[in-house]
Every structure is written in C-alpha cells, then in structure tokens.
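The values are calculated or read from the model by the stated rules, or taken from the named source; none is laboratory data. These numbers were taken from a predicted model, which means no experiment stands behind them. Neighbour counts run over all protein chains shown; Cβ positions are idealised from the backbone, glycine included.
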Amino acid sequence: MVLLRSTTSLPEGLWRARRLPQALRLVILAIALVGNGVTAWRVTNQGPDGFGTVEAELALCVLDVFLWATVAFAPSRAWIPALLLQAFLLLTGADPGSFTIELLVMMGFVAFAASRHAFVIPLVSTVLWTLMLPRTADGVGTALVVAYLALLVVPVVIGLSLRYLLARREQDTATIADFETSTRAALKEQRDGLARELHDIVAHDLTVIAMQASAGAIRTKDPDERESFTVIGDSARSALDDLRLLLQIMREPRQGGDIDPPAAGIDLAGEIAEVAGQLEELGHRVTTHVGGDLSAIPDGVRTTVRRVLREGTTNVLKHGADRSEVSISTVVQDQQVVTTITSALPEVSDQRTLRHFGRSGFGLIGLRERVQLLRGRLESGPQEDGTFVLTVLLPLRPSS
C-alpha cells in the first residue's frame, strides 16, 4: 500500500500515534461495556452461544471489552487484544459471527490513530485469520473469505485517508506558522536596521542642531536672534522626542492597535496654539479656528491630527510665501474631524524656498498613507487665488 512507504511526498507526522476525540472514546467504551454486559447476562442465564463453556464466553466478553478500551484510549496497543481475540476464535472453531464486523471497525480506527507498526501488525493478523477461517469454522468458504478481504479494504482506506488529510492540514498549518515567524523575524531585522540608521544619522544631526542653537542663544545679545535660536532649539528637541518615540515603536511594535502610547495626553487645542505660535514667531499672520468638541476625538485619531498640523506647518515654512497669512482650522462635525491649513504661495519671482528646501514629496505621501489607514481622505493642492490648501477628513470611529 502506497501510504505505508516512507516517501518525501507524504506529510510529516503521518504515522504519529493519535488520540481519538474524548467524546468518541467515551462512546466506544460505553457501547463495549453495555453490549458485553448484556451478552454476559444472557450467557449466564441462558447458556453459551456456541463459543465453548460459560466461563470461556465470559472470558471472551472481558477480552472484547479490553479490545475496545484499548482502541479508544491506546490505539497503538490494540493489536494485542486483537491477536488474542483472533486466536481465541480460531481455537474454538466457532462461527465468528458479529466479531467479523467488530474487527473491520477496529481496523478503521487503528488505520486512523495507531502508529505505523501498530497498524501493520493487526492488518496482517486479520488477513491471515481470514484466510485460516475455512479450515477452522464450519460454513466459511472461499467466496466468503474473498468478500471479507474486499470489505476489509473499506475501513482501512477510510482510516488512512482521514489520517492523511489530518496530517496534511497539520503540516500546512505548521508551514504557515513557520513562514509567519520568519516573516516577522525579517521585518523585525529590517525595523531594527532602519532604527539604527535613524538613530546614528538623524538623531545625531538633530542633537548637534539643538546644541548649536542653545550655544547661539547664549552667545548672542540680539533679542531677535536669541528668539530665533530658541525656536530652532525647541524644534530640534521636539523632533528628537518624536524620533525617540518612533525608534521605540520600531524596536518594540505593539500587538493591540495603532495608538501611540502618549496619544491620550495629546492636547489638540494646545497643539494648534503651538504651531500657530511657531509661525507667528517667524513673521506669519495666523488665524485659528476650533469647532466642535475636540475631546470627542479618539486617541488613535488624535495622533494623526497632530501629524497633520505639524506637516502642514512644515510645508508652510518650507514652501509658503514669506510672512504671509496662514489659516488653521480644526472642526469636529458629523462624526468626523476636518483639519484645514491654508497658506499663500510665493510669487513666481520668489525662489527663496526652492533654493533652500528640496521638495521630496515624502511628507505628504506618508501623511496620506497614515490618513488612509484610518479610512480618511486627504486633499491638497494650489488654488486659483494663489493659496495652497491642505484638507484632511478623518472619521471619529474608523471602520475596520
């Protein structure tokens, strides 16, 4: 039989001994106890059924219970009572009767749950027992032997097929688990590598900027220059804090959601006032508008609104007109929060921003991806009146 050969195409663990389900084991044992109990009572009160003396038939009942208890709780040991039962039937020379059906059912369970050798032994013994029946039992001919051997194939094939399917499913499950584990390990290695690069390069440069700004604020006597140095230092330190949080998340990703640890402490009204103050310190005229209940914004959405405010402010500083009017609006309405930042674009002749700041586009791309994760929408672009408008709509309860 093909399934008996150890080939590379067979799933691993095919011939591992298995435990039958608890409920099935109890049912098998209960049927064996009740059936043989009734038989023992009948034999005791009405006499033998053709298998020898009363004592012999009672012993046969005990052996039959032993067989099914072994099939239920230790399938790989079922060959022991099976051999004893077959030997008893051959020695008595009686018609095996219902024991032929029991042996077929037993072989189905053994084919499914027993180890390889524990399956082969009762299979071979059952075949030999069947071939020897015409010599020991009256009324058993060649045709009956051939029919019984053909019938024996059915439970064996069913048991082996179920065994194969279960082993294949287990192997597929293990393969998927191994793939997911290796994928997570590869992603972690990539995150750690990127975190190291960010720490070694970006964190170092930001630290240098913060230190130089602090030193410049101490050395200069000009109030305006001191204020500029202070803004530069505060911005660098704020960026360092954000970078540290990012590195922590990259090295220790969370398992339960996408909410940043300090999200619950984000004061959006304070964030709006802070970015407005930064723009005003650089000469921009800023108007802010807050509508609705900001406390109704969930923590996960707060983090993204904060990033929208900061990215929008950065774009104004990098690409907007110098000392222009800027409008910042955050409104909670209709189960969504809408943040809009409007700024004036520089004149065509004013190439200040293009000379000093490159346009990578990655800021808005990353922000758009973050917004889309929350099932939101980001719209940005120049308007006919010479302004640039960034609008982000985020649902308060992002759908899964």
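Here is a list of conditions, (1) out of contact with any helix residue (DSSP H, G or I) (no Cβ under 8 Å at 6 or more places or on another chain); (2) part of a loop (DSSP other than H, G, I, E, B); (3) surrounded by 13 or more Cβ atoms within 10 Å (Cβ to Cβ), and Ser9 meets all of them except one; can you say which number that is? With respect to (1) out of contact with any helix residue (DSSP H, G or I) (no Cβ under 8 Å at 6 or more places or on another chain); (2) part of a loop (DSSP other than H, G, I, E, B); (3) surrounded by 13 or more Cβ atoms within 10 Å (Cβ to Cβ), Ser9 is out only on (3). Please find, within region 99-116, the residue that is modelled with the lowest pLDDT out of those that are surrounded by fewer than 16 Cβ atoms within 10 Å (Cβ to Cβ) and within 22 Å of Leu26 (Cβ to Cβ). Within region 99-116, the match that is modelled with the lowest pLDDT is Ile101. When every residue of region 14-23 is checked against the conditions, at least one turns out to be in a helix (DSSP H, G or I) and either closer than 15 Å to Phe119 by Cα or free of Cβ contacts under 8 Å to residues at least 40 places away in the same chain (or both).
So that you can scan it fast, the table gives a plain yes or no per residue for (1) touching a helix residue (DSSP H, G or I) at 6+ places or on another chain (Cβ under 9 Å); (2) loosely packed, with under 14 Cβ neighbours inside 10 Å; (3) of a type outside the set (Asp, Glu):
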| site | (1), (2), (3) |
| --- | --- |
| Ala118 | yes, no, yes |
| Leu123 | yes, no, yes |
| Leu128 | yes, yes, yes |
| Pro134 | yes, no, yes |
| Val140 | yes, no, yes |
| Arg163 | yes, no, yes |
| Arg169 | no, yes, yes |
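Taking Ile121 as the residue in question, decide whether it is closer than 25 Å to Ala23 by Cβ and either assigned to a helix (DSSP H, G or I) or outside the structural domain of Leu144 (by TED's automatic domain parsing) (or both). Considered against the rule, which asks whether it is closer than 25 Å to Ala23 by Cβ and either assigned to a helix (DSSP H, G or I) or outside the structural domain of Leu144 (by TED's automatic domain parsing) (or both), Ile121 comes out as no. Within region 126-151, residues that are in the same structural domain as Met107 (by TED's automatic domain parsing) sit with their Cβ atoms under 8 Å from residues that are charged (D, E, K, R) and not in a helix (DSSP H, G or I), at 6+ positions apart or across chains, in these pairs: Ala137/Asp95; Asp138/Asp95; Gly139/Asp95; Val140/Asp95. Here the condition is being free of Cβ contacts under 8 Å to residues at least 60 places away in the same chain and either touching a His at 6+ places or on another chain (Cβ under 6 Å) or farther than 19 Å from Ala32 by Cα (or both); of Pro122, Pro81, Pro75, Pro96, it holds for Pro122 alone.
Let's see how each residue does on (1) over 28 Å from Gly50 (Cα atoms); (2) more than 50 Å from the chain's Cα centre (by Cα); (3) outside the structural domain of Leu29 (by TED's automatic domain parsing); (4) part of a helix (DSSP H, G or I):
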| site | (1), (2), (3), (4) |
| --- | --- |
| Pro81 | no, no, no, yes |
| Leu91 | no, yes, no, yes |
| Asp95 | no, yes, no, no |
| Val110 | yes, no, no, yes |
| His117 | yes, no, no, yes |
| Tyr164 | yes, no, no, yes |
